[in-house]
Structure formats: structure tokens, C-alpha cells
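In what follows, a single structure is set out as C-alpha cells and then discussed.
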Amino acid sequence: MIPFNKPYLSGKELFYIAKAVESGSTSGNSFYTKRVHEFFNSNFNFNKSLLTTSCTDALEMSAILANIKPGDEVIIPSYTFVSTANAFILRGATIKFADSCENNPNVDVESIASLITKNTKVIVVVHYAGVACNMDPIQKLCIDNDILLVEDAAQAICSKYKDKYLGSIGDLASFSFHETKNIVCGEGGLLAINNKIFEERAEIIWEKGTNRSSFFRGEVDKYGWVDLGSSFLLSDILAAYLFAQVENLDDIQNKRISIWNYYNDNLKELSNNYDISLPEIPNYATVNGHLFYIVVENEDIRNKLLKYLKEKGIHAVFHYLSLHKSPFFKDKYKGSTLSNVEKFSERLVRLPLYYELTQSQQDYIISELALFFKSKL
Ligand SMILES: *Cc1c(COP(=O)(O)O)cnc(C)c1O
């Protein structure tokens with residue numbers, strides 16, 4: 001079986017984990033955490049980074065920083081992972097779901113604009129598959145209406161919008177190191193704080209609502225409870241695991257992007273002959289090899305294709321079910337039909353993509369896709 005995903009291993013993970021354990025400093029904000037923070041700040045132009053236990057937690061920190069209270073509205077794409085919405089619902093926000101673009105699962109600017117009211121506090125964008133959303137017009141909407149911009153950059157490491165790294169544009173941004181992402185540590189995340197007004201408070205919320213970080217820097221002579229907070233810090237054992245991955249980030253990215261390009265080049269002919277769309281990459285965006293998808297004609301063909309590939313030993317999968325139609329939300333949803341989101345929910349198929357995937361495995365996947373479409377029609 002060709003799995004859908006296989007987490008990358010550099011080989012140095014256990015070595016750094018052992019060093020962290022032997023050092024005796026295994027709680028958060030220790031040696032490896034600081035090295036990973038420096039890596040992100042210097043490579044991606046983040047003003048400040050904080051490693052968290054997950055991207056979900058980084059989003060929850062964003063909701064606390066945004067001072068979300070009941071009655072506040074947050075605009076979120078419906079085509080995303082549940083955490084993008086849950087983080088804000090936990091603080092009492094009313095969620096307004098936006099549609100995707102017609103030819104790209106990313107959020108549509110017009111759809112966002114139509115949902116803005118005087119109660120809109122935050123717009124969250126999700127760079128699906130690591131491909132940038134159309135940030136200039138979204139940023140303008142935020143500035144004109146005094147709205148905070150949060151990037152859910154869980155899938156977007158190393159990718160750019162024009163000349164800016166994703167995660168460096170919004171007031172706040174979150175990344176994930178879950179085992180399904182480009183670099184991993186089991187469970188882990190990072191909050192990038194680009195707007196300086198959140199710098200000090202982010203550190204306090206991260207440290208359970210205390211000013212422990214300033215205490216350790218010698219800025220105050222004792223530390224105590226000063227704000228809301230939780231235990232959002234990543235253990236340094238997991239930061240050590242992650243450090244072994246960031247050291248090899250260039251190699252990981254080169255490999256993943258070449259796998260992505262190979263699919264894209266070798267599926268062109270099939271997409272010309274049958275009703276299959278390949279990812280559309282806008283000219284302001286880059287590819288980071290996070291995931292490769294195709295969009296087929298309808299849900300029935302999608303299901304038959306997944307079943308066929310499984311019989312051939314290939315694990316391909318669909319992706320998000322639209323959040324506005326989820327069991328948790330559908331009775332609360334008062335907005336309009338989001339037809340593009342529904343299209344991607346029903347018709348998108350993700351193909352295996354991981355560091356160790358070989359070219360002969362890719363050739364096999366591509367030839368089975370071709371056989372499926374030729375025999376079906
Ligand atoms: C993976 C992912 C998350 C959740 O990340 P965790 O680290 O598992 O909390 C959130 N949003 C998006 C878009 C994701 O892809």
C-alpha cells in the first residue's frame with residue numbers, strides 16, 4: 001500500500017531529544033524552543049514566535065489576544081479544519097462562514113466583504129495547501145474596517161504571497177507541526193506575532209497568565225498572575241524533535257516541491273482529456289509542496305476513484321467537509337449557500353505526498369489515475 005502520508009525523519013530527532021532530557025530542562029521555553037524561535041524569526045521575518053502545543057492552541061491564543069467576547073463576529077472560510085472556528089467559538093464569537101473562490105479552495109475576497117458588519121472583530125484566512133490567499137485586498141478590508149487579520153498558516157510553511165512569507169502578513173499567524181504537515185514533532189504549533197501591540201500579552205497568555213518570561217529576563221523581581229492564560233507552551237522535548245526537522249527544512253521543501261511538480265507536469269495530459277482540474281496557482285502565490293489535489297467531475301466519481309485507488313494499493317483521500325453544514329453547526333447556520341465550498345467538499349481528491357515517495361510510485365499512481373478515467377468513460 002502507498003500510504004497517503006508518512007512523517008519525515010531526519011535521523012537526528014532522538015539525539016536532540018536525548019540532549020534535552022539529559023539537560024534537565026524539558027519544560028517549555030528552554031534551549032531548543034529558543035533555537036526554533038530564532039529560526040522562524042530570522043528565516044520568515046516574524047516579529048516574534050512562540051512554540052505552542054498545537055496550531056489549535058496558537059489559534060486559541062489569537063482569540064484571547066483579540067479580546068473576543070460574545071456578540072463579536074469572526075469571518076472564517078467554511079472550507080477549513082474545525083480548529084479555525086472552534087478557537088473563536090470557545091471565546092463566544094459568532095462565526096460568519098465565507099465561500100471559496102471558484103477555481104481555488106481559498107477564501108473569496110468578495111464573500112468576505114459581503115459578511116463584514118460593525119461587529120466584525122477578526123478575519124481569519126487559511127492558506128489552503130500552502131497556497132496564498134489574495135492578501136492585499138483582504139488586508140485593505142481589515143485596515144478600512146478596523147478588523148484584525150489572522151492567518152491560519154498551518155499548511156503554509158516556506159510559502160509566499162508576492163515577496164512576503166505567509167505568516168508574516170497578518171497581525172497574528174499560526175503554524176502546525178502535526179504529523180501530517182511538512183515538518184513535524186507529533187503535535188506542535190507556533191504563534192507568529194507580527195503586530196507589536198500583542199507581543200507582551202502573548203507571552204503572558206502563553207505562560208498561564210503570568211509574567212514569568214519577563215521575570216526570567218530580569219525585567220521584574222517577582223512574577224505573578226497578571227492576565228488570562230493557559231499552558232500553551234510546547235515541551236522542550238518536542239522542540240528538540242522539531243529542531244532536527246527545521247535543520248533540514250531546505251532539503252524537505254526541495255523534495256516535496258519536486259514531487260508536487262512531477263504530479264502537476266505528468267497529470268496535465270489527463271486533465272486536458274477528461275473533466276479533471278489541477279491546482280490553480282495564482283501569480284502572487286508559490287507552491288510549498290504541502291499537498292497535491294485534483295478536482296473531479298462530481299461526488300460519485302470522487303467516491304469511485306478513491307475506492308478504485310484503494311483496490312490498487314493507493315491511499316488517496318478527500319478533504320474538508322464544509323463547516324457550515326457540519327453536524328455541530330448546520331442548525332445554527334443562517335447564511336447563504338456556499339456553492340464553491342460544497343464543490344471542493346464533494347469533488348477534491350488528495351494524492352499521496354511525502355518525502356520518501358519515489359518517482360516510480362508516482363508513475364504508478366499517475367498510470368492508475370489514467371486507467372480509471374479511460375475505463376470509466
Ligand atoms: C492542521 C491544521 C490545523 C490544526 O493543527 P493542529 O496542530 O493539529 O492543531 C488547523 N488549521 C489548518 C488549516 C490545518 O491544516
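The values are calculated or read from the model by the stated rules, or taken from the named source; none is laboratory data. Please read these numbers as outputs of a predicted model, since none were measured by experiment. Note that each Cβ is placed from the backbone with ideal geometry, even for glycine, and that neighbours are counted across all protein chains shown.
Results, tabulated for the structure shown:
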quantity	calculated
Boolean, residue 20 is without any contact (Cβ under 8 Å) to a residue 60 or more places away in the chain and either over 30 Å from residue 353 (Cα atoms) or not in a helix (DSSP H, G or I) (or both)	no
Among (1) farther than 25 Å from residue 153 by Cβ; (2) touching a helix residue (DSSP H, G or I) at 6+ places or on another chain (Cβ under 6 Å); (3) not small (Gly, Ala, Ser) - the single one residue 297 does not satisfy	(2)
Answer residue from segment 65-84, given it is within 16 Å of the ligand (Cβ to nearest atom) and more than 15 Å from residue 154 (Cβ to Cβ) and is surrounded by the most Cβ atoms within 10 Å (Cβ to Cβ) among those	78
Among (1) touching an Asp or Glu at 6+ places or on another chain (Cβ under 8 Å); (2) in a loop (DSSP other than H, G, I, E, B); (3) crowded, with 20+ Cβ neighbours inside 10 Å, the one test that residue 288 misses	(1)
Filter result (out of contact with any Leu (no Cβ under 7 Å at 6 or more places or on another chain) and either crowded, with 24+ Cβ neighbours inside 10 Å or acidic (Asp, Glu) (or both)) within segment 46-62	55, 57, 59
Lone unmet requirement of (1) outside the structural domain of residue 60 (by TED's automatic domain parsing); (2) of a type in the set (A, V, I, L, M); (3) in contact with a helix residue (DSSP H, G or I) (Cβ under 8 Å, 6 or more places away or on another chain) for residue 233	(1)
Meets criteria (under 22 Å from residue 68 (Cβ atoms), without any contact (Cβ under 8 Å) to a residue 60 or more places away in the chain and not in a helix (DSSP H, G or I)) for residue 169	yes
So residue 99, is it more than 16 Å from the ligand (Cβ to nearest atom), of a type outside the set (Gly, Ala, Ser) and surrounded by 23 or more Cβ atoms within 10 Å (Cβ to Cβ)	yes
Residue 144 vs. criteria of a type in the set (D, E, K, R) and more than 13 Å from the ligand (Cβ to nearest atom)	yes
Any hit, segment 202-218, residues being away from the ligand (no atom under 16 Å from the Cβ), crowded, with 17+ Cβ neighbours inside 10 Å and under 24 Å from residue 81 (Cα atoms)	yes
Every residue from segment 333-377 that is more than 21 Å from the chain's Cα centre (by Cα) and of a type in the set (Ser, Thr, Tyr)	333, 336, 337, 339, 358, 360, 364, 367, 375
Top-ranked residue of segment 147-166 - restricted to ones that are outside any loop (DSSP other than H, G, I, E, B) and farther than 28 Å from residue 350 by Cα, ranked as farthest from the ligand (Cβ to nearest atom)	148
Selection within segment 34-60 - away from the ligand (no atom under 16 Å from the Cβ), not in a loop (DSSP other than H, G, I, E, B) and not hydrophobic (A, V, I, L, M, F, W, C)	34, 35, 37, 38, 41, 42, 43, 48
